[in-house]
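A quick write-up on the structure given underneath.
The values are calculated or read from the model by the stated rules, or taken from the named source; none is laboratory data. Small disclaimer: the values here were computed from a predicted structure and weren't measured. Here the Cβ positions follow ideal geometry from the backbone for every residue, glycine too, while neighbour counts run over all protein chains shown. Surface areas here come from the heavy atoms of the whole protein model, side chains and all, with no ligands, DNA or RNA. Shrake-Rupley method; radii C 1.70, N 1.55, O 1.52, S 1.80 Å.
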Amino acid sequence: MYRIFAALMLLSASALAQQTPTTTGIVTTPDVDLGYETYGAARPATPVIIANGGPGLSHIYMLQNDVWTRLSRNRLIVFYDQRGTGKSQRVSPDAPFGMDAQIADMEAIRARFGFQKFDLVGDSYGGLLAMAYAAAHPEHIEKMILSDSAAPAWKDIVHILPDVFPDVMEQIAASQKSSPRTDPDEGIRNHFRMLFYSEANRDAYLAGAKDLGATPKVGAAVQKATRTLDLTPELPKFKFPTLVITGRYDMNVAPLTAWNIYKAIPGAKFVVFEKSGHLPSYEEPDKYVQVVDAFLTQP
């Protein structure tokens with residue numbers, strides 16, 4: 001029975017991963033050509049911009065099922081690849097990778113579409129970027145969703161993978177020592193092995209996600225440039241509705257991180273996905289669609 005279920009999950013994930021964007025394009029700035037793609041169409045509902053996780057990943061990891069295409073039935077949703085990743089590979093040699101540059105990139109995407117107000121979703125590291133943009137440009141934010149978000153400072157992330165997966169961590173370290181990897185995706189795929197509540201979901205996800213768009217050098221550059229950043233004082237200033245989401249079994253960014261963010265933002269809402277790790281949008285997709293759509297739709 002498990003094998004049948006896993007096979008069905010694999011086929012479903014593979015089929016749903018072939019999502020077709022409504023439009024694609026490039027926003028050219030002095031520093032970088034930013035690749036974007038949209039889902040849905042302009043409607044009365046507030047549009048959404050997504051800040052994906054990483055750093056050093058393209059947004060493709062978020063499109064391994066149909067959650068965002070389902071959510072785009074009622075609104076325009078814009079994904080873009082952060083500088084140096086995915087389809088945003090053209091970066092000037094002296095371009096910075098700090099948070100000011102990341103904020104400027106998101107602002108360029110917003111300006112391209114002419115959004116005066118938009119809803120901002122930050123996933124994992126993208127939550128840190130979302131908080132930074134919201135602090136710099138609160139006038140453009142209608143609502144914000146932080147999904148298994150990084151803390152407002154790297155030092156405050158509750159990261160317990162080494163405590164929960166010491167065997168896997170040792171296997172990964174031994175593999176890297178004996179055979180240094182040449183495929184940049186190998187490292188992130190090993191990391192993703194530890195992000196799921198369900199083994200079946202893990203196996204289906206990794207089988208369906210043929211390329212996670214990893215660019216380790218970019219990830220390292222972003223972390224180095226933002227290592228002393230601390231947005232904690234900004235959170236109490238947020239006046240827009242905010243939803244904080246966490247998977248109960250997220251070992252990558254433990255729920256305490258989400259809880260602390262929720263407590264720091266006035267009037268924020270907090271939702272736990274009880275059968276999820278770091279990717280509740282994949283492990284509990286129906287609930288994720290219902291929770292996100294209800295939050296974005298409510299007045």
Cα shape, region 41-142, gyration tensor, a/c 1.5 rule:
oblate
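Work out, in µm²/s and without decimals, the Stokes-Einstein translational diffusion coefficient of the chain at 20 °C, 1.002 mPa s, Rh from Kirkwood over C-alpha pairs.
Calculated translational D: 110 µm²/s.
May I have the count of lysine pairs in region 168-266 with C-alpha atoms under 29 Å apart, counting pairs 8 or more residues apart or located on different chains? Display every interim value, and only then the final one.
Numbers: K177/K210; K177/K217; K177/K224; K210/K224; K224/K237; K224/K263; K237/K263; K239/K263.
Qualifying lysine pairs in region 168-266: 8.
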Accessible surface, per residue, of region 46-88 when the full set of protein chains is kept, probe 1.4 Å, Å²
20
Please compute, for the alpha-carbon atoms of region 177-299, the extent along each of the three principal axes and give them in descending order in Å.
52, 37, 23
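Please compute the contact order of the chain in relative form: average sequence separation of alpha-carbon pairs under 8 Å and at least six residues apart, divided by the residue count, as a percent.
Details: 599 pairs, mean separation 63.5, N = 299.
Relative contact order, the chain: 21 percent.
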State the extension gain, in nm to one decimal, for the chain segment bounded by K275 and K263, taking 0.36 nm per residue of separation less the distance between their alpha-carbons.
2.0 nm
The extension gain from D163 to A42, computed as 0.36 nm times the residue separation minus the Cα-Cα distance, is 39.0 nm
What whole number of Å gives the distance from the Cα centroid of region 23-39 to the Cα centroid of region 125-160?
22
Separation of alpha-carbon centers, region 216-280 and region 46-111, rounded to whole Å:
17
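Quick one: of the DSSP bridges fully inside the chain, what percent are antiparallel, nearest 5? The partial results should precede the final answer.
Numbers: 11 of 32 bridges.
Of the beta bridges lying entirely in the chain, close to 35 percent run antiparallel.
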Enter the accessible area of R70 (Å², nearest 10), with the probe set to 1.4 Å and all protein chains included.
60
For K263, what accessible surface area do you get with a 1.4 Å probe? Give it in Å², rounded to 10.
130
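Determine the gain in length on full extension of the stretch Q171-L256; use 0.36 nm per residue of separation and subtract their C-alpha separation, reporting nm with one decimal.
On the way: separation 85, 0.36 × 85 = 30.60 nm, distance 2.74 nm.
Extra length from Q171 to L256 when fully extended: 27.9 nm.
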Choice from S276, S92, S147 showing the highest fluctuation, given a GNM over the chain with Cα pairs closer than 10 Å
S92
Charge dipole magnitude, Cβ of K and R +1, D and E -1 - the chain, Cα centre, debye nearest 20
340
For the chain, with a Gaussian network of springs between Cα atoms less than 10 Å apart, report the residue from G219, G53, G114 with the top mean-square fluctuation.
G114
